[in-house]
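Please treat every number below as a calculation from the coordinates, not as lab data. These numbers were taken from a predicted model, which means no experiment stands behind them. As a convention, Cβ positions derive from the backbone with ideal geometry for all residues, glycine included, and neighbour counts pool all protein chains shown.
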Amino acid sequence: MIEINPGLLLAQLVTFLIAVFILWKAAWKPLSLALSKRKEKIEKDLALIEKAYATVKRVEEEYRSLIEVVETEADHIMEERKEEAEKQYQRTLNEAQDAAEKIRQKAELQMEKEREQKTQEIAQEIVTLSLILTERLLKQTADKQFHERLFQEAREQIRAFQRTNLKH
């Protein structure tokens, strides 16, 4: 069986208490101090990390807002460019329509001039033919007054014909 020796037990207990006291004085305080310094450093580092995290969050929010502003501005610029392109298209279309209208009007004027010229040429030929016909008729008839009257009537009819055709 196990025997307990009280003297030895007391000596071991006193030795243990002395060793604990020496350790407490020599090692526990510096160890405790080192642990508390380490704890403070960890707490400071955690505070710095939290500050850095808050800063990162703030910068991220600023970045997102900046992106939204840039996207909005880009959309606005695109809309302006689209409107400018539409206006330019309308200006170009209007200019082309105006040019086409001028060409059409010029062609109509040219056709009108040519029609008038042809009408005058035809009227001139009619006058010439009428004069020739009148002259032949006058040569065939002996009465001078009759000839004169026929000539005057033919001349008036030709003039009336010319006036009506030249007006159109």
> Using unit Cβ charges (K, R positive; D, E negative) and no other charged atoms, how large, in debye to the nearest 20, is the dipole of the chain about its Cα centre?
Replying inline: 420
> Considering only I49, A100, Q152, whose Cα is most displaced toward the positive end of the charge dipole of the range 46-167, charges sitting on Cβ of Lys, Arg (+1) and Asp, Glu (-1)?
Replying inline: Q152
>> Could you give the length gained by full extension between A107 and A34, i.e. 0.36 nm per residue of separation minus their alpha carbon distance, to one decimal place?
In response: 15.6 nm
>> Can you work out the Karplus-derived ³J(HN,Hα) for every residue in the range 87-93? Use 6.51 cos²θ - 1.76 cosθ + 1.60 with θ = phi - 60°, whole Hz, and x for glycine or proline.
In response: 4, 4, 4, 5, 4, 5, 4
> Any idea what the relative contact order of the range 46-167 is, in percent, if you count C-alpha pairs under 8 Å spaced at least 6 apart?
Replying inline: 24
> Considering the values (i) 2.09; (ii) 0.99; (iii) 1.04, which represents Rg/Rh (Cα atoms, Kirkwood Rh) as calculated for the structure under consideration?
Replying inline: (i)
>> For K102, give me every one of the lysines with a C-alpha distance below 27 angstrom, ignoring sequence neighbours fewer than eight places off in its own chain.
In response: K87, K113, K118, K167
